[in-house]
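The values are calculated or read from the model by the stated rules, or taken from the named source; none is laboratory data. Given the structure is predicted, the values throughout are model-derived calculations rather than measurements. Counting neighbours? That spans all protein chains shown, and the Cβs are built from the backbone with ideal geometry, glycine included. Note: areas computed on protein heavy atoms with side chains; ligands, DNA, RNA excluded. Shrake-Rupley method; radii C 1.70, N 1.55, O 1.52, S 1.80 Å.
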Amino acid sequence: MQTVLTTFEERTKEIELYYSFLSSNFDIINKDLNKILRSNLILMLYNLVESTISNAIEEIHNEIYSQNVTFDSLNIELKKVLIKQLKNNVESHNFVTSIDCLALDIVKKCFQKKKISTGNIDNNTVAELARKYGFKGDTSYENTRHGKCLIEIKGRRNDLAHGIFSFTEVGKEYTLEDLNEKKNETIAYLTEIIQNIDKYLVDRLYSA
């Protein structure tokens with residue numbers, strides 16, 4: 001999980017630096033530009049969510065594969081995940097001609113990182129992934145609010161990405177305090193999810 005954690009920490013630093021700049025210059029930046037900059041922080045938070053969750057799920061597959069864990073040794077829910085991935089993600093001829101050992105290669109070759117998200121990761125997505133893979137999806141409510149802010153962040157990201165609202169329109173709805181709260185809750189939530197997945201791998205909870 002070190003690569004996942006390193007990427008998470010790097011992007012978190014970017015967000016903290018951006019927020020620090022925005023808060024330090026809040027009163028001297030042009031009002032419309034200020035709104036645009038606030039909207040951009042929402043995009044940065046979604047970027048953090050999607051990269052962290054996608055990287056973490058990829059790490060599960062990499063770890064299982066590196067440990068030479070066979071399909072038969074996996075828990076039943078993870079077997080279901082792999083069978084579904086085999087059906088949806090892989091062209092049969094390419095798969096058959098590229099594998100050396102079906103029981104091992106199915107873990108890695110059926111996984112496609114881009115299929116984890118289509119721009120729609122939120123706490124409900126994480127909860128569903130936790131159920132399928134078998135890692136703990138719960139987090140402490142006091143610091144993370146169970147990641148509920150991710151629903152709004154995802155929605156606002158999609159509003160901006162699809163041009164439903166302008167950056168100015170979205171940004172005007174958020175105060176610095178609002179953004180700081182969402183930033184802190186998002187980071188706290190993802191930190192706990194990373195810890196949960198790390199424990200899942202250490203304890204080999206993917207095994208039957």
May I ask you to list the residues in the stretch 170-183 that are touching a residue at least 24 places away in the same chain (Cβ under 8 Å) and open to solvent by 40 Å² or more (accessible area, probe 1.4 Å)? LYS172, ASN180, GLU181
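Rundown of residues vs (1) at pLDDT below 95; (2) more than 15 Å from the chain's Cα centre (by Cα), yes/no style:
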| position | (1), (2) |
| --- | --- |
| GLN2 | yes, yes |
| ASN30 | yes, yes |
| ARG38 | no, yes |
| THR52 | no, no |
What are the pairs, 6+ residues apart or on separate chains, where a residue within the stretch 95-108 that is assigned to a helix (DSSP H, G or I) has its Cβ under 8 Å from a residue that is at pLDDT 85 or above and polar (S, T, N, Q)? ALA103/THR70; LEU104/ASN68; LEU104/THR70; LYS108/ASN62
Return the only residue of LEU5, LEU86, LEU17, LEU45 being in a helix (DSSP H, G or I) and over 27 Å from GLN195 (Cβ atoms). LEU86
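Just to be sure before I move on: is ALA161 hydrophobic (A, V, I, L, M, F, W, C) and loosely packed, with under 15 Cβ neighbours inside 10 Å in the structure I sent? Lay out the reasoning, then the answer.
Details: hydrophobic (A, V, I, L, M, F, W, C): yes; loosely packed, with under 15 Cβ neighbours inside 10 Å: yes.
Taking the combined requirement at face value, the residue satisfies it.
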All but one of (1) outside any helix (DSSP H, G or I); (2) surrounded by 19 or more Cβ atoms within 10 Å (Cβ to Cβ); (3) not small (Gly, Ala, Ser) hold for ILE53; state the number of the condition that does not hold. (1)
State all residues of the stretch 110-138 that are of a type in the set (D, E, K, R), under 21 Å from GLU152 (Cβ atoms) and either within 10 Å of the chain's Cα centre (by Cα) or at pLDDT below 85 (or both); if no residue qualifies, say none. ASP122
Can you tell me how many residues in the stretch 20-29 are without any contact (Cβ under 8 Å) to a residue 60 or more places away in the chain and assigned to a helix (DSSP H, G or I)? 3
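Given the options ILE60, ILE83, ILE106, name the one that is open to solvent by 80 Å² or more (accessible area, probe 1.4 Å), within 17 Å of ALA208 (Cβ to Cβ) and out of contact with any Cys (no Cβ under 6 Å at 6 or more places or on another chain).
ILE83
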Being crowded, with 17+ Cβ neighbours inside 10 Å, assigned to a helix (DSSP H, G or I), touching a residue at least 12 places away in the same chain (Cβ under 8 Å) and of a type in the set (D, E, K, R) is the requirement here; does LYS154 meet it? yes
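Out of TYR206, TYR189, report the one residue that is under 19 Å from ASP122 (Cα atoms), surrounded by 19 or more Cβ atoms within 10 Å (Cβ to Cβ) and not charged (D, E, K, R). Full working, then the answer.
Values: TYR206 fails: under 19 Å from ASP122 (Cα atoms).
Testing whether each residue is under 19 Å from ASP122 (Cα atoms), surrounded by 19 or more Cβ atoms within 10 Å (Cβ to Cβ) and not charged (D, E, K, R) leaves just TYR189.
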When the stretch 128-151 is checked residue by residue, the ones that are more than 21 Å from ILE83 (Cβ to Cβ) and either surrounded by 14 or more Cβ atoms within 10 Å (Cβ to Cβ) or among the polar types (S, T, N, Q) (or both) are LYS136, GLY137, THR139, SER140, ASN143, THR144, ARG145, HIS146, GLY147, LYS148, CYS149, LEU150
